[in-house]
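The values are calculated or read from the model by the stated rules, or taken from the named source; none is laboratory data. Here the structure is a predicted model, which means the values were calculated and not measured. Cβ: placed from backbone, ideal geometry, glycine included. Neighbour counts: every protein chain shown.
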Amino acid sequence: MNVCQIVAINKLAGLPVQGQTPDQLSLNSLLPELSTALEAPDLSIVKPLDWHLSGIVLLARTPEARAKVINVTKAATQRNKFYRKYWGVVIGTLDSPEGEIKCHLAQQKIGEHTMTVPVLNPTQAAVRRKEARNCLTRYKVLSEGQGYALVLLEPRQMFVDQLQVHLTTKLCSVLGDHVYSSRVGSVAGVPALMEPSNVGPRTQRVPKDILKRMNLRAIQMHKVPVHLHCGEMVLPGYRGQDVRITAPLPKHFLWTLQLLGLKDPTQES
C-alpha cells in the first residue's frame, strides 16, 4: 500500500457527507460514481466533515488504507498531536491573540433540534458514559478588524460542531453560523453567553458596520454560508512519514477576506 491509496476531496460548504434521505445529493450518494472513476470498488469515507463546513474529506481505496488512517489519527490524538487545521472568519473579539478553549461538550435536544452544548460541570457518570466529552481547541488570531477576525483553529479531537460551540464560549461566532451564533448576546450592552436552552437556530445577526463592508443587508444574511474551512491535515507516521494534505479556500471565503481586509492565510510565507 502507498500514499495513493488515500483520496482527498475539497468538499463544498453545504454538501452533506451522508444524506438524510436516499435521494438527497451527498458525498455518500456520489461514492458509486467516484469508485468507478477511480477504479476503487472498496472506496469509503474515512474522515468526514460536517455538512455546513468546507474543506478536506478523506477517502480510502481499500479497507487496509482505511484502517491505517484511523490508526495513525487515533494515535496522534492520544499523543496530544493536533493534525487538523481550520480557518474561520469570526464575528466578535477574542480575549487573547492565541490560546486554548477547553470544556466538555454534549448533545442535547433543544426544541426540535439536537444541538451541541458546553457542559461546565459534568458528572462523573456522564463522562464515564461518554455523554459529555472533554474537548480541546487551540486558536490563533491571524488577522483582524473592528469586531471580526480570521482565526486558525486546531481541534485535538472533533466533536459535533465543536469549533462553533467552543467559539461561542469566547463570545464569538463563526460568520454564517445560523445555528449557534444566537448564543452570543448582550446584557446591558455587554457581550454575554446566553443559556443554550433559551435560544435556538436563527439567522445570524451581524453589526451594521460589518454588513456594510460586506455589501450586505441584514435580510440577506441567511444566504451567507459558514466560513469555516478544513484547509490542512497531516497524517503523522503514515507509512513512516508525515503526509500533509491541503485544500485551497473556497471562492466565497476568499471574497469575504478581501471585503473585510483580512489576509489570505494561504499567501503567508
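Values as computed for the structure displayed
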{"item": "Flag for Thr114 being modelled with pLDDT of 95 or more and not acidic (Asp, Glu)", "result": "no"}
{"item": "Test: Lys208 is touching a helix residue (DSSP H, G or I) at 6+ places or on another chain (Cβ under 9 Å) and among the basic types (Lys, Arg)", "result": "yes"}
{"item": "Among the candidates Asp242, Asp209, Asp161, residue that is of a type outside the set (A, V, I, L, M, F, W, C) and either buried (at least 16 other Cβ atoms within 10 Å of the Cβ) or under 30 Å from Gly111 (Cα atoms) (or both)", "result": "Asp161"}
{"item": "Some residue of the range 35-51 being closer than 19 Å to Ala247 by Cβ, touching a residue at least 12 places away in the same chain (Cβ under 8 Å), part of a loop (DSSP other than H, G, I, E, B) and among the charged types (D, E, K, R)", "result": "yes"}
{"item": "Members of the range 57-84 found to be basic (Lys, Arg) and not in a strand (DSSP E or B), listed by number", "result": "Arg61, Arg66, Lys68, Lys74, Arg79, Lys81"}
{"item": "Complete set of residues in the range 1-29 that are closer than 16 Å to Ile56 by Cα and part of a loop (DSSP other than H, G, I, E, B)", "result": "Leu12, Ala13, Gly14, Leu15, Pro16, Val17, Gln18, Ser26, Leu27, Asn28"}
{"item": "Qualifying residue in the range 188-205 (condition: in contact with a His (Cβ under 8 Å, 6 or more places away or on another chain), polar (S, T, N, Q) and crowded, with 20+ Cβ neighbours inside 10 Å)", "result": "yes"}
{"item": "Counted residues, the range 170-183 - those being among the β-branched types (Val, Ile, Thr) and surrounded by 24 or more Cβ atoms within 10 Å (Cβ to Cβ)", "result": "1"}
{"item": "Residue in the range 122-135 that is assigned to a strand (DSSP E or B), crowded, with 18+ Cβ neighbours inside 10 Å and either out of contact with any strand residue (DSSP E or B) (no Cβ under 7 Å at 6 or more places or on another chain) or in contact (Cβ under 8 Å) with a residue 60 or more places away in the chain (or both) present", "result": "no"}
{"item": "Residue in the range 176-196 that is under 21 Å from Lys47 (Cβ atoms) and not basic (Lys, Arg) present", "result": "no"}
{"item": "Residues (part of a loop (DSSP other than H, G, I, E, B), modelled with pLDDT under 95 and either at positive phi or surrounded by 15 or more Cβ atoms within 10 Å (Cβ to Cβ) (or both)) located in the range 256-269", "result": "Asp264"}
{"item": "Hits in the range 89-108 - residues which are in contact (Cβ under 8 Å) with a residue 12 or more places away in the chain, farther than 15 Å from Val174 by Cα and not in a strand (DSSP E or B)", "result": "Asp95, Pro97"}
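Okay, residues lined up against (1) out of contact with any Ser or Thr (no Cβ under 7 Å at 6 or more places or on another chain); (2) surrounded by 12 or more Cβ atoms within 10 Å (Cβ to Cβ); (3) more than 13 Å from Leu136 (Cβ to Cβ):
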{"position": "Ala76", "(1), (2), (3)": "yes, yes, yes"}
{"position": "Asn80", "(1), (2), (3)": "yes, no, no"}
{"position": "Tyr86", "(1), (2), (3)": "yes, yes, yes"}
{"position": "Val90", "(1), (2), (3)": "no, yes, yes"}
{"position": "Thr93", "(1), (2), (3)": "yes, yes, yes"}
{"position": "Glu98", "(1), (2), (3)": "yes, yes, yes"}
{"position": "Ile101", "(1), (2), (3)": "no, yes, no"}
{"position": "His104", "(1), (2), (3)": "yes, yes, no"}
{"position": "Gly111", "(1), (2), (3)": "yes, no, yes"}
